[in-house]
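The structure appears right after this line, and notes come after that.
None of the figures in this text is laboratory data; all of them are computed from the coordinates on show. Bear in mind that the values here come from a model prediction, so they are computed numbers and not experimental data. Here Cβ is always computed from backbone atoms with ideal geometry, including for glycine, and neighbour counts include all displayed protein chains.
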Amino acid sequence: MANTVLTTSLVAKEALRILNNELGVLSTFHRAHESEFKKDVNGYLPGESISINRPADYTIRTGATMNLQDSIEGKVTLTVDTQKGVDLSFTSVDLTLEMSNFSERFIRPAIINLVNEVARDCFDSFYPLVYNWVGTPGQTLNSVTDFVKAPERLDEMAVPMADRHAVLSPADHWGMAGGQSGIFVQDIARDAIRRGSLGELGTCETWMSQVVPTHTNGTQDNTTPVIDGASQEVTYDTAKNTWTQTLITDGWDGSSTITAGTVFTIAGVNMVNPKTKANTGILQHFTVTEDVTANASAASDTTLTISPPIIVTGPHQTVDASPADDATITTFGAASTSYKQNLAYAKGAFALAMVPMEIPQGAVNVARETMDGMSIRIVPVYDGVNDVSKWRLDVLYGKKTIDPRIATRFSGTA
């Protein structure tokens, strides 16, 4: 077959095909497609946003007397603010290769690195807002008993069973495989090798990913933190868009740090079933959503920003009671220690929007390809002195944790 001089258009089409084939765990996120941005222009610039509604909820009436409720929707803003790319250079000889050869040598390695980087960036952004965490921090998954703690928590939170996914670190993936190698090898071997999928376990399509995030606790050594002041609950109307609130605490070591993503419980504050509002008997988990340094003075308070908000009544109730003054705060894991963050979630928990980038003015032979919500742009620059074509390959996207109520972190058990 005769060689063909490769153009940016041909390469962009091939790069997009590989990008779609290599999506892996990115395919488990809610995909906010270009159509949701409702903009018919020559591509997008960083900073443009869409709003995603947080669903309304309701309480059930008993008896014949009507009890009208307001319908209140929250909203989450997703901004396309992240540009990632790979920069490549080719000689004129390289550009006369057959597409299959060129793709295998140059495009595929670049796209695999790009997909992994987007996935890493997404997970690093997603996990700090996920407040449920089952298992023991630092323990590797090595049995089905360990694994099913995650879908069990999703069930306790009334998460729909459709489109559930679990993403494991390599250590946890192979801990599961080694612990249960005689149970589930035949049916999932092909997908485990080709796509990193262990198949469906405990209602979750299960994936292995090298970019599972790591959380590091702050330096809160030798502390006995407590709630400073009773009745710190809020209403859904004040928290519906951020799904956060501030919480006044004290008892931390002076100048110790509490990092975003740190999970804790409060004595006497249990989670409720989201549908029935019945007390589950399980302590509600909270996550710190912003880094904070504790006040050095023992007489000063430390204010945390936390999720979920403490809502004690109504259709969006999250807990059975407001925390009491001096109620003990217990953090997950040891101070200054890092833990892998395996995640189990329904597809609506996290969103990824990848949009067509603008075609820069003055650039020539720019190629931009979009399909199924994926978009890639290639801009060539020719170095005539050295007879080298320099190509920049870019994607533009936004990511957001849109509903942490339908996700949980999980570890093995001690």
(message) Using alpha carbons only, how many angstrom separate the centre of segment 111-155 from the centre of segment 361-380?
(response) 33 Å
(message) Sequence gap at least 6, Cα distance under 8 Å: using those rules, report the relative contact order of segment 218-336 to the nearest whole percent.
(response) 38 percent
(message) Please list, in order along segment 70-75, the HN-Hα scalar couplings obtained from phi with the Karplus expression 6.51 cos²θ - 1.76 cosθ + 1.60 (θ = phi - 60°), rounded to whole Hz, x for Gly and Pro.
(response) 6, 9, 10, 9, x, 9
(request) Per DSSP H run of n ≥ 4, the term is -39500 (n - 2.57); total these for the chain, divide by its residue number, and report the mean residue ellipticity at 222 nm rounded to 500 deg cm²/dmol. (result) -5000 deg cm²/dmol
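For Cα pairs less than 8 Å apart in space and 6+ apart in sequence, what is the mean separation divided by the residue count of the chain, i.e. the relative contact order in percent? It would help to have the intermediate numbers written out before the result.
Working: 945 pairs, mean separation 114.4, N = 414.
Answer for the chain is 28 percent.
Which order do 124, 387, 155 fall in if you start with the one that has the fewest other Cβ atoms within 10 Å?
Values: 124 16, 387 10, 155 13.
So the residues, fewest neighbours to most, are 387, 155, 124.
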(request) Enumerate the amide H contacts of residue 164 below 5 Å, restricted to partners 5 or more residues apart or on another chain; note that Pro and chain-start residues carry no placed amide H. (result) 205
(request) Counting only trypsin sites (Lys or Arg not before Pro) that are in a DSSP loop and have at most 15 other C-beta atoms within 10 Å, tell me the longest site-free stretch of the chain. (result) 62-274
(request) Anything over 29 Å Cα to Cα? Flag those among 347/390; 13/84; 340/400; 275/347; 240/347, in the order listed. (result) 347/390
(request) Report, in whole Å, the centroid distance computed from the Cα atoms of segment 221-266 and segment 313-348. (result) 10 Å
